[in-house]
Each structure stands twice: as C-alpha cells, then as structure tokens.
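Asks: The structure is given below, and queries will be raised subsequently.
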C-alpha cells in the first residue's frame, strides 16, 4: 500500500497553509512530518484524513484517489493529539466504536478489541471510562481505537505531545515496535526532532507550508539541504562565508570544502560536535584562529564558544571524557573545521 | 457546510416569524390607522404609513405633553432603583467573590441564586403581605416612625414612590448581583497583591485595579436590570396601583391592553424602543463578546 | 489581609432581606385563619381542606397551577429541540447569512419583555389572526424568548466538547447522522438538561407575555392569578398557591441536579 500526495494546496483566506506538497510514502514506512507550529504539517495530515478539503492536488492510496471522499469513507485512521476519546463510553466501547462500520460479527468485535487492547497493553482497563485513565493510558486507548480497524495508513498527530518526557521515550519505543509488528504505514506529525530522528524511516521537514527537505534521518542531520533544516534538526554553526575560486572564504581565511558548484555568498554549516578545538597556532588546512568567549559547562560535555576574527561565533562541543584541555574565556585558540564535515548552504 | 444551515433553518424561521415580524407589527400598527370602533388597522406597506399616531405620541412624551410627567417619573424611578441596587449589589458581590471561601461561598451563591427560582410576581406578592395595613413590615416601619418621614398620609401600599422604588430594587437586584459577582470573581487575586506590592493601599488597589476591571460587568449588570425596568408595569401595579406612581410601562399597557388607543400605544412602544436602543446595542455587544459569537 | 466587618454584615442583611419576605408569605399559607398579614396557627386549610377557597377546591387557583405547568411543559418540548438544532447549525455554519443569524438569535435577550409582548399581541390580533390569542399564542411567546437561552447553553457546551471527538467519530467510519446520535447528543446531555430546566424556569416565571397572549379565564397562569388578586384576594389560598409553585420549581431543580450527577466526566480537564 503506498500513499501518494501530489501537489497538495490548502488555503485559509490568503494564507497557503499547505503549498504544493508532494510526497510518496511506501507501504510499511514510518514517515514523519516535522516542523515548527504553523508549518503546515498538521494541515497536511488533516487533508489526508479528510477533515479539510483540498484546494488542489490529489491524494491516492494504491492508485485510488481518496481526496473526494468524506472522512468516514476513507480507509485511513487518526490518532489525535488530544486523544479525542469519547468520554461517555468505556475504554472497550471506544475501541469497538469503528468496528460497527466494518460489518463484523459480535464475536469478531470482541476478539479484535481484545487483541488491540493486548497490543497496547491495556487489557485490564476495558471497563474504565477515559476520564479515569492517566494521560499515557488515554494515549494507548486512542492508538488501540485506530489500530483495531487495521487501516492501511495510520495518521498520528503529535500523539505524545501532551505527555511528560520520560513517558514519551517509553512510548516512542513502543510505537515503533507496534508499527514494525503490524508492518503498517505510519504518517507521524511532530515538532520534536528527537521523536522524528528516533522512530522514522524518513522525515519531511516542513516550513511555511512547503517541504524543505525529505530524507532519512541520518541524511537530514549530516547533510541538511538548507540552513532551516540544519538549525531545526540539532544545533549547528552557520558561519557567513563566500565561495571563491580557491574555496570557501571565511574572513581572511580560505577553507577547503565541497562547494557543490555554488558561487557567491554562502553559509558554512558545521555541527558543534565536529568542530575540533586546538591550541593557538596549530598548523594545517581549515584551521581558523579565534578567542574563547564563553565556556558553558553542561555535565557530559562543554559548550565552548569561540569568536573568530571575522566576527562569526563558532560553538564547539567538547566531550567531558577527561582528555579535554580546560579553557577560560579570553584564551586564544584555534578551531579546526574538517573539510568533510563542512556543508556549504545558501544564505 | 450547507447541511448545518439546514439545522439552523427551523429556529431562524421561528425567530423571523415570531420575533422580527412581531416587532414589525408594532411598527405597522404604530404607523397604521383605526376603524370606527378603534380597532387598529396595521399598515404593513411603508408607503401607506400614517404618521399621525407617532406625532401624537411624540407630542405626548415631549415636555408639557400628557405622558411627559410619567416619562420623567420613570427615568427617576429607574435611576434611583439602579443606584440603590448597585449600592446593595456591589458590596455583596465583592464580599462573596473575594472573602467568602469553601462551603460558605457555595452556600452564599445558592442563596444569591435562590430568587431566580421564585417567580418575580411571587416575590412582589410577598411584599404586599408585609406592607399591607397591619403587615409585619408596615408595623415595624410605623413603629420606627418611618411612615411620617416617607409617606404622605396614605398607607405603604397607597401610591407611595418609596414602595414602588423599593419594589423595583427588591425585584431586580438579584439580576444585578450575579453578573457583578462573575466579573469580580474573574479578577486574579495576584493582581491586587501586585498592586499592594507596588505601594497601593487597600483602598487604592480597589480603586485602581478592582474597579476598572469590574467596569464591564457593572455596566452589563446595570443594562440588564434597567432594560426590563423601563417596560415594567406590574411592580407599580402591585406595590401601589395608583396613577400617582404610574411608569411608562403602565401607560403603554393601558393603551394596548385596555383602552381604545392601541395605535398610540404601539407608537409609544416604538419610542420606548428607540430610547432604549443604545442600551440594547451595548448589551448585545456584551453578549456577543462573552459568548464569543 | 484586614477584613472589614461591614461587607459580611451587608451581605447577610441582603440575603435575609431577599428571602425572608417569601418565607413569611409561605408561613401565611399555613394559617388557620384568613389573615395574610399575620401568622395564625398551622393548618392545611388553604391547600386542601377548605371546601370552597383552598387551592384544591377553588377552580380558579387549581386551573392556574395546571395551566402554568402545561405551558412550561409545552415550551420545554418545543424550545429545547428547536434551540439545540439552531445551536448546532449556528455553531458550524460559517456561510453567507450566518452573521445576521447570530445577531437575530440574540435580539430576544436584549429586547424588553413588554416590547416583545406588545409586538406578539398586535401580530396575533392582526396578520397572524389565524393563530389568535390563547394557549397556542402563550406557548409561542414562551418558546420565542426561551430559544436564545437554549442556544447559548448548548453552544457553550459545544465549544467545551470541541470538534475533536466529532472528527474522531467520522475518522473511525461513523456517517454524519451517527456522529450526531452516538457522540454529540450524548455529550450534550448536561446542556440539554440545563436547557430544559431553564425553559421551565423562564416559562413558570413569565407574567408579561402570558398575560398579553391570554384569551380568558382558562388561560390564566399562576403569576397572572397573583397579579389579579394580590391586592384583592381575601385569603391565604394565594399564599398556598405560591408555595406549591415554589416547591415544584425546587423539585425540578433537585431533579436536574440528581440527573446531572450521573453524567460522564468532562472530556478534558
């Protein structure tokens, strides 16, 4: 089962909430839409579910266009951020809600509800009302309620957003387990980069209604295509630079880097953990002198901020493994920006 | 979605037929004519309007006209009754919202809401028992010689301004207290603490923080009770019954329900509505804001 | 914080002043004698036993009570479904004309009762003469001014419920009619109970519209009865009538409260 989004456009008044989004999602894939609030990720999900009507574009599931169908006739199901459990029904009644429209027998309903509750480890709570459950338990009910229908594609709208940090991590692992067990296609919306990196097979980073970059988590992190993606996923140094015939010009220094055919003004991107801090005067390519401006102690590592002569600030992650030389603000140092770690991006 | 408009359709049709058209009936009768036996003949077509009754009503209600004294009396009654209601209602609402806690607060709120469950006429009727000759309240008030001070020789129920205004206050003050309470209860305690922390005295914090923040609720409450007071005729009827204490509502009621002047009564109703329009629009705005419509 | 003695004193004096007269009027209902201004022993004479003047045996009092209840019942039965549909419609409908409809829905709340009553009276005696005055006109009047209250109560609850549960139901395959029946209406339960109670209270309390729409003795309500005989009635039977009315109102309130306790927990904190 593959889900294809082709040139989706959704306008609210003059605002294009979803602006020409095209994505193809393979069967069994854990696909994440990642971005800050207002980037269009939830609108995209709601277009797939059918809660919003498309202004233009097509949504096809295995070649069949589903965009014209109302939500209750689409085979996809949703796990809501607010869980949207029916407060007047028990947990079991919630889970059984949609089976009524699947024309399955009574015994079959009982069996499938039981299985779904087992899958999310809620077997003992069948007779409770949603109001009597904790947030994590409610989240599992919401999941079971959608999973029981065995949809070809499950849509999840920030399902862990309302939970505290420790519970989130547990549930991330569990969600991934369930998805792999069932070999189900998940389309997952989140603004949390850790969630996206941990669980996803592929991630689409969205901004202003458009997809900035869509790739595997590792590629997104190590080879971000834009400054926005570099900043949104993890922290990064973005050093103003210019591409010249010799290489990458940062202030009066020329660095070697893969400029990818770019010319003119650019941003040199490097992750703080890839920056090497060396003594002042170190020789070799891609070394730039600077002065320590601040040292922030963070326990398992230190964040050393170095001001270059060009005025740019470079953050350098120094692991607290006992080998590091202690620095104080005002110390002259040299930062090594390895060529294979430098990415040249549009400003 | 169009489906939802269909849900609204029966209710909107009902309101259009029995509210909008009903109001237009007042216009049609007010600008209409009468038969030889004084039955009103409404003129539904604006092109056929007869302005005679409206001019008559305007003349009546203008200074020197025969309804002018009633109009002035109504204004005075309402103004005094609203002022007294505020003087009673504000401290009560303030005390319950700020100083009452737990079960005491719950009990007080139930007691404040209790009058809503006793019909207005019932509550007025209770006072006619008390103020009648020999009634408990009349006996106490006479023992305090208040009759000599406030009455003009007649009984308490014998056409006294005091009795009518007291009746209005008694009848309407519960409707003022609840919105006042709601607006005072919404004020965050910490704002008052912040004001005190910044150097305001207790009275200063009240004047500079509480009072401005409760302004909307106060105005809303005033409009809420002033509007029905302007259309009231039963309170003066029960508490006095004398033409000496008649309000505008009595004049309209007498024309429309009893006398031969239905067209004139309709014209007067229109003038009253026009006079109250500002209050109605203010209240409408408050309702829309509160219910986020 | 320093506490003033004045505020609690004013509050309690007000509470006593607002309720004591009614309690005294109820006390007189149990008088043995004919006085409505002083207490005279205890009896059920004016409720039940007096052969001609008690509420039970005076047809004018008994029928007023019955008529008030009939009006309240009919108003509830019509206003609550009509208002609920209107609330659902107005809450969801965002097209041409919805703004005007929202304002029209609120107008009855801000219009003085007398103006509305005069209008309806003139309408039913002219263009809508086929309806005429009487019980039908009284019910129409009560439904019209109750409708806005029902809409406000139901819409408030709709906002609280949110759209999520409706979307969830549709997402799980429920067609629109099932979303309404299986999810929305059960969740609106408390609002419907509150609406029924409010319409009951408004109808029972109303005097002006009932009086303007009345067509004779058999359309007299309790407040109209009070108005007609408060200054004239020679016996505490009127007090007894008032007492019965009050007990019925409180019973309705208590019933609603008991029913309301069995309701499901709120969807979200």
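The values are calculated or read from the model by the stated rules, or taken from the named source; none is laboratory data. The model shown is predicted, which means the values in this text are computed figures rather than measured ones. Neighbour counts run over all protein chains shown; Cβ positions are idealised from the backbone, glycine included.
Asks: Criterion first (at pLDDT below 90 and at the interface with chain C (Cβ under 7 Å from one of its Cβ atoms)) does residue B:227 satisfy it?
Replies: Here the answer is no, as residue B:227 does not meet what is asked.
Asks: Checking the condition in contact (Cβ under 8 Å) with a residue 40 or more places away in the chain, surrounded by fewer than 21 Cβ atoms within 10 Å (Cβ to Cβ) and more than 7 Å from chain B (Cβ to nearest Cβ), which residue from C:65, C:71 passes?
Replies: Within the list C:65, C:71, the selection yields C:65.
Asks: Here's another thing I want to ask about it. Within the range C:186-206, take every residue that is surrounded by fewer than 20 Cβ atoms within 10 Å (Cβ to Cβ) and facing chain A (nearest Cβ under 10 Å) and give me the one that is nearest to the chain's Cα centre (by Cα).
Replies: Ranking the qualifying residues of the range C:186-206, first place goes to C:189.
Asks: Can you list residue pairs whose Cβ atoms sit under 9 Å apart, with the first residue in the range A:287-313 being not assigned by TED's automatic domain parsing to the domain that holds residue A:248 and the second being in a strand (DSSP E or B) and modelled with pLDDT of 90 or more? Count only pairs 6 or more apart in sequence or on different chains.
Replies: Qualifying pairs under 9 Å: none.
Asks: If the requirement is being surrounded by 13 or more Cβ atoms within 10 Å (Cβ to Cβ), more than 8 Å from chain C (Cβ to nearest Cβ) and in contact with a strand residue (DSSP E or B) (Cβ under 9 Å, 6 or more places away or on another chain), which of these qualifies: B:34, B:78, B:29?
Replies: B:34
Asks: Now a separate question. Could you list all residues from the range C:104-126 that are part of a loop (DSSP other than H, G, I, E, B) and either more than 10 Å from every other protein chain (Cβ to nearest Cβ) or under 21 Å from the mean Cα position of the chain (by Cα) (or both)?
Replies: Passing the criteria: C:111, C:112.
Asks: If the requirement is being more than 8 Å from every other protein chain (Cβ to nearest Cβ), in contact (Cβ under 8 Å) with a residue 40 or more places away in the chain and farther than 20 Å from residue B:276 by Cα, which of these qualifies: C:129, C:134, C:83?
Replies: C:134 is the lone residue from the list that is more than 8 Å from every other protein chain (Cβ to nearest Cβ), in contact (Cβ under 8 Å) with a residue 40 or more places away in the chain and farther than 20 Å from residue B:276 by Cα.
Asks: Something else: Kindly indicate which of C:172, C:147 is buried (at least 22 other Cβ atoms within 10 Å of the Cβ) and more than 16 Å from residue A:82 (Cα to Cα). Before you say what the answer is, go through the steps one by one.
Replies: Working: C:172 fails: more than 16 Å from residue A:82 (Cα to Cα).
Unique residue meeting the criteria: C:147.
Asks: Can I ask one more? What's the number of the condition residue A:9 fails, among (1) part of a loop (DSSP other than H, G, I, E, B); (2) in contact (Cβ under 8 Å) with a residue 40 or more places away in the chain; (3) over 23 Å from residue A:182 (Cα atoms)?
Replies: Condition not satisfied by residue A:9: (1).
Asks: So which residues in the range B:276-289 are more than 7 Å from chain C (Cβ to nearest Cβ) and surrounded by 15 or more Cβ atoms within 10 Å (Cβ to Cβ), if there are any at all?
Replies: Within the range B:276-289, B:279, B:282, B:286 meet the criteria.
Asks: Now for a different question. So, residue A:295, is that one under 27 Å from residue A:242 (Cβ atoms), at pLDDT 90 or above and not in a loop (DSSP other than H, G, I, E, B) or not? Before you say what the answer is, go through the steps one by one.
Replies: Values: under 27 Å from residue A:242 (Cβ atoms): no; at pLDDT 90 or above: yes; not in a loop (DSSP other than H, G, I, E, B): yes.
Spelling it out, it is not the case that residue A:295 is under 27 Å from residue A:242 (Cβ atoms), at pLDDT 90 or above and not in a loop (DSSP other than H, G, I, E, B).
Asks: Select from the range A:314-339 the residues that are without any contact (Cβ under 8 Å) to a residue 60 or more places away in the chain and outside any loop (DSSP other than H, G, I, E, B) and write down the one among them that is surrounded by the most Cβ atoms within 10 Å (Cβ to Cβ).
Replies: For the range A:314-339, the residue satisfying everything is A:316.
Asks: Now for a different question. Can you find even one residue in the range B:129-137 that is crowded, with 19+ Cβ neighbours inside 10 Å, touching a residue at least 24 places away in the same chain (Cβ under 8 Å), within 13 Å of another protein chain (Cβ to nearest Cβ) and at positive phi?
Replies: The answer is no, given that none of the residues of the range B:129-137 is crowded, with 19+ Cβ neighbours inside 10 Å, touching a residue at least 24 places away in the same chain (Cβ under 8 Å), within 13 Å of another protein chain (Cβ to nearest Cβ) and at positive phi.
Asks: Take the residues of the range C:150-160 that are at the interface with another protein chain (Cβ under 8 Å from one of its Cβ atoms) and surrounded by fewer than 24 Cβ atoms within 10 Å (Cβ to Cβ): which is farthest from residue C:210 (Cα to Cα)? Break it down stepwise before answering.
Replies: As a first pass, look at the range C:150-160 and keep what is at the interface with another protein chain (Cβ under 8 Å from one of its Cβ atoms): C:151-152, C:155-156, C:159.
Add one more test, that the residue is surrounded by fewer than 24 Cβ atoms within 10 Å (Cβ to Cβ), and what stays is C:152, C:155-156, C:159.
Working: C:152: 23, C:155: 28, C:156: 29, C:159: 34 Å.
Only one residue tops the list, namely C:159.
Asks: Then there's this: Using beta carbons and a limit of 9 Å, which pairs, at least six apart or on different chains, have the first residue in the range C:242-257 and without any contact (Cβ under 8 Å) to a residue 12 or more places away in the chain and the second one assigned to a helix (DSSP H, G or I)?
Replies: C:250/B:117; C:255/C:197
Asks: Looking at (1) touching a residue at least 60 places away in the same chain (Cβ under 8 Å); (2) buried (at least 16 other Cβ atoms within 10 Å of the Cβ); (3) part of a loop (DSSP other than H, G, I, E, B), which is the only condition residue A:52 fails?
Replies: Failed condition: (1).
Asks: If only one of B:216, B:267 is surrounded by fewer than 20 Cβ atoms within 10 Å (Cβ to Cβ) and farther than 18 Å from residue B:166 by Cα, which one is it?
Replies: Working: B:267 fails: surrounded by fewer than 20 Cβ atoms within 10 Å (Cβ to Cβ).
Only one candidate qualifies: B:216.
Asks: Could you identify the single residue in C:173, C:189 that is part of a loop (DSSP other than H, G, I, E, B) and over 30 Å from residue B:231 (Cα atoms)?
Replies: Of C:173, C:189, the one residue that is part of a loop (DSSP other than H, G, I, E, B) and over 30 Å from residue B:231 (Cα atoms) is C:173.
Asks: May I pose another question? Consider residue B:200 carefully, then state whether it is surrounded by fewer than 20 Cβ atoms within 10 Å (Cβ to Cβ), more than 8 Å from chain C (Cβ to nearest Cβ), at pLDDT below 90 and part of a helix (DSSP H, G or I).
Replies: no
Asks: Quick check on this structure: which one of A:123, A:98, A:63 is surrounded by fewer than 18 Cβ atoms within 10 Å (Cβ to Cβ) and either at negative phi or touching a residue at least 40 places away in the same chain (Cβ under 8 Å) (or both)?
Replies: Details: A:98 fails: surrounded by fewer than 18 Cβ atoms within 10 Å (Cβ to Cβ); A:63 fails: either at negative phi or touching a residue at least 40 places away in the same chain (Cβ under 8 Å) (or both).
Result of the check over A:123, A:98, A:63: A:123.
Asks: A follow-up question, please. Need the failing condition index for residue C:172 against (1) within 14 Å of chain A (Cβ to nearest Cβ); (2) out of contact with any strand residue (DSSP E or B) (no Cβ under 9 Å at 6 or more places or on another chain), just the number.
Replies: (2)
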